[in-house]
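Chemist: Before I ask anything, let me first share the structure, which is written out below as C-alpha cells.
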Amino acid sequence: MKTIFNPPSVRRPFGNYNHGLLVPAGASLLVTSGQLGIGLDEKVPEDTGAQAELCFEAIEAILAEAEMSFADVIRISGFVTKREDFPAYMAMRDRYTLDPKPASTLIIVSGFTRPEFLVEVEVTAAKLFC
C-alpha cells in the first residue's frame, strides 16, 4: 500500500524511519493530537521512557478505535524537553513502529502545558479499507 522514498541522493535515515512514504488515493487518513505521558489515574511517570510508553499506548488505543494499527502509521512527530531524552524516546518509538517504518521527526522543545511532562507524540496514519 505505501511506497517508501529514501532517494540515493539523500543521506540515509539516522534511525528506524524512512524519509518519505506515499499513500495511494482512496486511503483513509487519521491524524492524532499530541499525546502526553499521563495515565487514566492522572499519574505522570518521572522518566521519559515511561512517559513515552504511555504516549504510544494512547496512540495504539486511538489507532484501534479507528480500526488501524501501528502498521498504518505514516508519520510520527515526537517532542522532548532534553537532548539526553532522545534514546529513551527512540527506544519506545522503535518498539511500537512496524515496517515500513514511518517518516519521523524529533524536536527539542522548552516545555509542555505542565512542567512534569517530558515527551509528547503525535502520528498520522493511513489505511485502505476495501
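The values are calculated or read from the model by the stated rules, or taken from the named source; none is laboratory data. None of these values were measured; they are calculated from a predicted model. Here the Cβ positions follow ideal geometry from the backbone for every residue, glycine too, while neighbour counts run over all protein chains shown. The accessibility values were calculated without ligands, DNA or RNA, using every heavy atom of the protein model including side chains. Shrake-Rupley method; radii C 1.70, N 1.55, O 1.52, S 1.80 Å.
Chemist: Go through (1) open to solvent by 60 Å² or more (accessible area, probe 1.4 Å); (2) assigned to a loop (DSSP other than H, G, I, E, B) for ILE4 and report which single condition fails.
Modeler: All conditions pass for ILE4, except number (2).
Chemist: With the condition kept exactly as written, say whether any residue in the stretch 73-86 is open to solvent by 20 Å² or more (accessible area, probe 1.4 Å), without any contact (Cβ under 8 Å) to a residue 12 or more places away in the chain and within 15 Å of GLY15 (Cβ to Cβ).
Modeler: For the stretch 73-86, residues open to solvent by 20 Å² or more (accessible area, probe 1.4 Å), without any contact (Cβ under 8 Å) to a residue 12 or more places away in the chain and within 15 Å of GLY15 (Cβ to Cβ): absent.
Chemist: Can you name the number of the only condition in (1) under 12 Å from VAL123 (Cβ atoms); (2) without any contact (Cβ under 8 Å) to a residue 12 or more places away in the chain; (3) among the aliphatic types (A, V, I, L, M) that LEU40 fails?
Modeler: Status for LEU40: all satisfied but (1).
Chemist: How about the stretch 114-130: which of its residues are of a type in the set (Val, Ile, Thr) and either within 14 Å of ALA52 (Cβ to Cβ) or without any contact (Cβ under 8 Å) to a residue 12 or more places away in the chain (or both)?
Modeler: VAL119, VAL121, VAL123
Chemist: Of the residues in the stretch 24-37, how many are open to solvent by 40 Å² or more (accessible area, probe 1.4 Å) and over 13 Å from the mean Cα position of the chain (by Cα)?
Modeler: 5
Chemist: For the stretch 86-130, enumerate the residues that are at pLDDT 95 or above and of a type in the set (Asp, Glu).
Modeler: Of everything in the stretch 86-130, those that are at pLDDT 95 or above and of a type in the set (Asp, Glu) turn out to be ASP94, GLU116, GLU120, GLU122.
Residue-by-condition table, conditions (1) within 12 Å of the chain's Cα centre (by Cα); (2) in a helix (DSSP H, G or I):
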{"position": "GLY39", "(1), (2)": "no, no"}
{"position": "GLU42", "(1), (2)": "no, no"}
{"position": "GLU46", "(1), (2)": "no, no"}
{"position": "ALA52", "(1), (2)": "yes, yes"}
{"position": "ALA58", "(1), (2)": "yes, yes"}
{"position": "GLU67", "(1), (2)": "no, no"}
{"position": "SER77", "(1), (2)": "yes, no"}
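Chemist: Residues being open to solvent by less than 40 Å² (accessible area, probe 1.4 Å), assigned to a strand (DSSP E or B) and in contact with a helix residue (DSSP H, G or I) (Cβ under 8 Å, 6 or more places away or on another chain): count how many of those fall in the stretch 91-119.
Modeler: Of the residues in the stretch 91-119, 2 are open to solvent by less than 40 Å² (accessible area, probe 1.4 Å), assigned to a strand (DSSP E or B) and in contact with a helix residue (DSSP H, G or I) (Cβ under 8 Å, 6 or more places away or on another chain).
Chemist: Turning to a different aspect of this structure: Consider only pairs whose beta carbons are under 7 Å apart and that are at least six residues apart or on different chains; among these, list those whose first residue lies in the stretch 22-34 and is free of Cβ contacts under 8 Å to residues at least 40 places away in the same chain and whose second residue is in a loop (DSSP other than H, G, I, E, B) and not hydroxyl-bearing (Ser, Thr, Tyr).
Modeler: LEU22/LYS2
Chemist: Could I ask something else about it? Could you go through the stretch 10-23 and let me know if any residue there is open to solvent by less than 60 Å² (accessible area, probe 1.4 Å), assigned to a helix (DSSP H, G or I) and farther than 30 Å from PHE129 by Cβ. Break it down into steps so the answer makes sense when it comes.
Modeler: Our first condition is that a residue be open to solvent by less than 60 Å² (accessible area, probe 1.4 Å); within the stretch 10-23, this holds for 13, 15, 17-18, 20-21, 23.
With assigned to a helix (DSSP H, G or I) added as a condition, the list becomes none.
Within the stretch 10-23 (the criterion being open to solvent by less than 60 Å² (accessible area, probe 1.4 Å), assigned to a helix (DSSP H, G or I) and farther than 30 Å from PHE129 by Cβ), the answer is no, since none of the residues qualifies.
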